[in-house]
Amino acid sequence: MKNVFRHVNKKAALFLLAGVFLGIALFAGTSSAMNYTDSADFCSSCHVMDEAYETFQSSNHASLSCNDCHAPTDSYVSKMAFKAKAGGSHIYMNTIGRNDIPDVLYAKESSVEVIEANCISCHEAGLSNVEYHNVTEGGCIDCHRGVPHGNGMYKPDDWFEPGNYDARS
């Protein structure tokens, strides 16, 4: 065994070991960063989300991350692509477009589709116990508009009328 290690360049071995350690640290940091950007604490760091955060924290969904509902959960790639697009939009709106932020935020059509799919994914077992409305008829959001962000604590009355989630903002 001594003969094998005699031919190993100690600098190269040290460099390789340092590279492996750095790779593990970067992966852990990146993984932690990705998990943090899913959290309600991260999402509430923008002041426009204060009331949404407060009502979410007092809901029965408070143990979930924001992106358990607001990002695709079918694959890591689709989740990351969706987060990148939404994140870019949020950065723009909170910097250059801050004067265009509406008083009430409505989900875009693409977000509504994702939220509906995630509602169904989590609650699929219970759907057989209720009369389920087809997604084309409004789906989960029509009846459960206040979940998990409260029942009108900061939303105008017309927000709760069916169809008011269609591609606003």
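Some points to look at:
- If you bin all the Cα-Cα distances of region 29-96 at 5 Å, starting from zero, the percentages per bin are 3, 15, 24, 27, 19, 10, 1.
- Loop-resident trypsin sites (Lys or Arg not before Pro) (DSSP state other than H, G, I, E or B) in region 26-111 with no more than 16 further Cβ atoms inside 10 Å of their Cβ: Lys108.
- The local environment of Lys85, defined by Cβ-Cβ distances under 14 Å, has a net charge of +1 under the rule Lys, Arg +1 and Asp, Glu -1.
- Within the shell defined by Cβ-Cβ distances under 12 Å, the residues around Asn118 carry a net charge of -4, with Lys and Arg each +1 and Asp and Glu each -1.
Where a number appears in this text, it was derived from the coordinates with a stated rule and is not lab data. Given the structure is predicted, the values throughout are model-derived calculations rather than measurements. Don't worry about glycine lacking a Cβ; one is built from the backbone with ideal geometry, like all the others, and counts go over all protein chains shown.
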